[in-house]
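The values are calculated or read from the model by the stated rules, or taken from the named source; none is laboratory data. Computed from a predicted structure; not experimentally measured. Glycine also receives a Cβ, built like all others from the backbone with ideal geometry; neighbour counts cover every protein chain displayed.
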Amino acid sequence: MLKQGNTFVGICMDALIRTPALAKADPWIEATRALRFSIGMEPVTQVHALEHGTIWVLSEKYPKLQLGGASTNQGFYVYGQIEPQILLAAASEALERFKQGEADLAVHPRCGTNLSVGMLLTMGFAFGFNLLLPRRLPNLVMGAGLAAMCSSLLSPSLGAKAQKYVTTDIPMNLSILGIKTQTDWMGRKTHFVQTQYHS
């Protein structure tokens with residue numbers, strides 16, 4: 001691999017050089033990928049995308065299955081009633097589908113990113129309406145209602161954009177090492193899909 005040095009520009013160039021061709025269509029993705037790589041976020045964003053892809057694959061096969069997940073830079077947790085072998089097969093299928101170009105698997109409508117974006121929008125709109133409207137109780141209540149309404153209308157699409165450009169990346173540098181079943185602090189079974197990032 002061509003090395004560009006340890007400067008910020010060099011690190012960004014290294015990230016662009018090793019980027020897979022299928023994701024090069026969008027310059028915004030390239031810019032955010034270079035930034036994530038330069039600050040060390042690249043492994044967790046790829047694991048986050050693999051977590052979403054795995055949940056999508058499982059949702060296609062088992063529509064009534066209710067699952068949740070959380071990502072780390074070493075792998076991801078899946079919460080819910082699922083057999084480890086089925087989960088491992090779904091993660092492997094998701095990784096293969098990503099490598100075949102199904103980048104849309106990285107964005108999931110129930111991701112915590114959407115919730116975070118919604119909370120930020122609500123706070124921003126509430127603050128803005130509070131500044132614009134006269135300071136009387138009916139106006140404050142109306143401002144809070146408008147803030148919640150505007151946020152609920154905008155957060156799904158902005159949350160999906162935040163996932164696409166900031167919190168996930170196509171997992172082209174990941175391999176799946178295995179799965180561990182653990183018990184959380186409440187006694188519930190959780191599964192940890194262990195991954196390895198190859199730089």
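Here is how the numbers come out for the structure above:
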| item | result |
| --- | --- |
| Residues being crowded, with 22+ Cβ neighbours inside 10 Å and more than 16 Å from S175 (Cβ to Cβ) - total across the range 72-86 | 1 |
| Answer residue from the range 101-139, given it is in contact with a helix residue (DSSP H, G or I) (Cβ under 6 Å, 6 or more places away or on another chain) and of a type in the set (S, T, Y) and is nearest to V57 (Cα to Cα) among those | T113 |
| Helices (runs of 4 or more DSSP H) lying entirely in the range 7-112 (those with 2 or more residues that are farther than 18 Å from S199 by Cα, in the same structural domain as V193 (by TED's automatic domain parsing) and at pLDDT 60 or above) | 42-61, 84-99 |
| Pair list, Cβ under 8 Å, 6 or more apart: the range 161-185 residue in contact (Cβ under 8 Å) with a residue 12 or more places away in the chain and closer than 30 Å to L121 by Cα, other residue of a type in the set (A, V, I, L, M, F, W, C) and assigned to a loop (DSSP other than H, G, I, E, B) | Q163/V107; Q163/C111; K164/V107; T167/C111; T168/V107 |
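Results for (1) surrounded by fewer than 21 Cβ atoms within 10 Å (Cβ to Cβ); (2) out of contact with any Phe, Trp or Tyr (no Cβ under 7 Å at 6 or more places or on another chain); (3) aromatic (F, W, Y), shown as yes or no for each residue.
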site	(1), (2), (3)
G159	no, yes, no
A162	yes, yes, no
T167	no, yes, no
Q182	yes, no, no
